[in-house]
Amino acid sequence: MCDQTFLAITFGPCDNCHLSKPLMNIYLKNEPINYCSLCVEEMACQGLAPNETLATLKSESDNLKTKLEEERAKLHDVELHQVAEKVESLGQFVMKTRRTLKGHGNKVLCMDWCRDKRRIVSSSQDGKVIVWDAFTTNKEHAVTMPCTWVMACAYAPSGCAVACGGLDNKCSVYPLSLDKNENLAAKKKSVAMHTNYLSACSFTNSDMQILTSSGDGTCALWDVESGQLLQSFHGHAADVLCLDLAPSETGNTFVSGGCDKKANVWDMRSGQCIQSFETHDSDINSVRYYPSGDAFASGSDDATCRLFDLRADREVAIYSKDSIIFGVSSVDFSLSGRLLFGGYNDYTINVWDVLKGTRVSILFGHENRVSTLRVSPDGTAFCSGSWDHTLRMWA
Amino acid sequence: MSGSSNILAMKKIVQQLRFEASINRVKVSQAAADLQQFCIQNALQDPLLTGVSSSTNPFRPQKVCSFL
């Protein structure tokens, strides 16, 4: 089967029939080959069994889809909030802005925590990527990217580098040095190359590999040192907007959400999509694993957050209210997974009780839409970034 | 080309659906109970849930009273 990562058309002799024709430059198992379109068609048809036509395949796919729905419905014996009725209700929460980080000249688009629970990297529309000390609100490093709309940034697990990217279609890694006068831009390393904007990036458990998602509909795993593509993940029918890695140390799965309203769970080693969930009514802007790794939450433009359980293979809770009509841009769990924080486009942050499905608190403070939200690694606070050019620490 | 690429695409979809239909699933009651248990077990270690006193939380400002 062809694995079409890039599709380009040139003119020349075909590798198969040797006639001079317009060629499709395709990649077969990562080897580039130049076949004319006729030979590509013949090769594609060889994969079909006898009597397999478009019609039979379509009816089989419809049958399988209904069967999947039936299987999932069979196990739907109770709702999460019913199981959680006996759990104590949460009391009143008082969370306030404890720090405001000012310094970005334009909309803050993304942020990430360092594992030392203290440092933060944030990126904005004007191309600036800033590393802050969240306790003191000092800026430690600042880099200006050559592109605007830096939509993704991530801190390396060691704390020694940051990765960022956006409209430049690339993910670049900047090693952070202790020398304040050092020009960070000089040490920049381009790691990932996509054919459309970079929407999210994340280091895996080490500094050596980066996972990226892009507007070209694919996710990819890259080796930082060589810049080589290790694995690509195809399956979304539209832009992929977000991704999150499974929390376990040995975990090798990740979840991605896209404009095709689907959230897919992938196996990082084989590149295969293991599970797929399509219950949202609009683009999925953010996905985040539950701390135990058995479930994940998603936030979407349809103004709802939903919880999907991986073992039950279905959606188990919806967090929504009739009064909330603006989309969710980002979600994150508290350390125990009891609280779900959602940053909304109506400038507020809603805090949900994950088990009972009720809203616990609503936080005001930002003066424009909340674009990114992450809980600190030790769970003592969470940080939100907004189009009002600031980041706020809440505790 | 479009004819065979449609068939190719359908074949991939059918293969993916076959794979997804065959995975093992757990009842929602079981999965929900596990989620709940995880929450309760870790509730005490969750600073945002239990609240942390000003002296230990680096983000909460310490209230300093000074008599002038």
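Taken together, the values in this text are just the output of simple stated rules run on the coordinates, not laboratory data. Worth saying up front: this structure is predicted, and the values here are computed from it rather than measured. Don't worry about glycine lacking a Cβ; one is built from the backbone with ideal geometry, like all the others, and counts go over all protein chains shown.
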Per 0.36 nm of contour for each residue apart, how much would the distance between residue A:272 and residue A:139 grow if the chain were fully extended, relative to their Cα-Cα spacing? 43.8 nm
So for R0 = 30 Å, FRET eff. of residue A:97-residue A:183 from the Cβ-Cβ r, to 0.05, ends up at 0.35
Given N residues in segment A:238-395, what is its alpha carbon radius of gyration divided by 2.2 N^0.38 Å? 0.97
Expressed as a whole number, the average count of other chain Cβ atoms within 10 Å around the Cβ atoms of A:72-83 is 4
For segment A:237-253 and segment A:361-395, what is the separation of their Cα centres, given in Å? 22
Pairwise Cα inverse-distance average, inverted: Kirkwood Rh of segment A:197-253 (Å): 11.6
Excluding residues on the same chain fewer than 8 positions from residue B:27, give the lysines whose Cα lies under 16 Å from its Cα. A:74
Arrange the following residues from fewest to most other Cβ atoms within 10 Å of their Cβ: A:341, B:38, A:364. A:364, B:38, A:341
Roughly speaking, what is the stretch gain from residue A:230 to residue A:63, that is 0.36 nm per residue apart minus the C-alpha to C-alpha distance, in nm to one decimal? 56.6 nm
Spatially proximal aspartates and glutamates relative to residue A:86 (Cα-Cα < 17 Å; intrachain offsets below 8 disregarded): A:353, B:34
Dividing the convex hull volume of the alpha carbon atoms of segment A:209-313 by its residue count, what do you get in Å³ per residue? 90
Can you return the aspartates and glutamates within cross-link range of residue A:65? Criterion is Cα-Cα under 18 Å, with same-chain partners fewer than 8 residues away left out. A:260, A:278, A:313, A:315, B:20
Counting other C-beta atoms within 10 Å, which of A:118, A:314, A:306 has the fewest, and how do the rest follow? A:118, A:314, A:306
Among A:212, A:279, A:218, rank each residue by its count of other Cβ atoms within 10 Å, from fewest to most, as a rough exposure measure. A:279, A:218, A:212
Using a 7 Å offset from the Cα along the Cα-to-Cβ direction at both residue A:346 and residue A:237, what is the distance between the two label points in nm, to one decimal? 3.0
So how compact is the protein assembly as shown: Cα radius of gyration and Dmax in angstrom? 23.8, 95
Which GluC sites (Glu not before Pro) in segment A:246-342 pass both tests, a DSSP loop state and at most 13 other beta-carbon atoms within 10 Å? A:249, A:278
Classified through the alpha carbon gyration tensor (a ≥ b ≥ c as square roots of its eigenvalues; rounded if a/c is under 1.5, else prolate when a/b is larger than b/c, else oblate), segment A:307-382 comes out oblate
Filtering trypsin sites (Lys or Arg not before Pro) in segment A:139-218 by DSSP loop and by at most 10 other Cβ atoms within 10 Å leaves A:180
Taking K and R as +1 and D and E as -1, what net charge do the other residues with C-beta under 11 Å from the C-beta of residue A:353 add up to? +2
Find, among the GluC sites (Glu not before Pro) in segment A:71-141, those assigned to loop by DSSP (not H, G, I, E, B) with at most 12 other beta-carbon atoms within 10 angstrom. A:88
Please work out how much length the chain gains when fully extended from residue A:55 to residue A:86, using 0.36 nm per residue of separation minus the C-alpha to C-alpha distance, in nm with one decimal. 6.1 nm
Show that you can apply the helix-only estimate: for chain A, add -39,500 (n - 2.57) for every DSSP H stretch of four or more residues, divide by all residues, and state [θ] at 222 nm to the nearest 500. -2500 deg cm²/dmol
Mean projected area in nm² (Cα convex hull; one quarter of hull surface) for segment A:70-131: 9.1
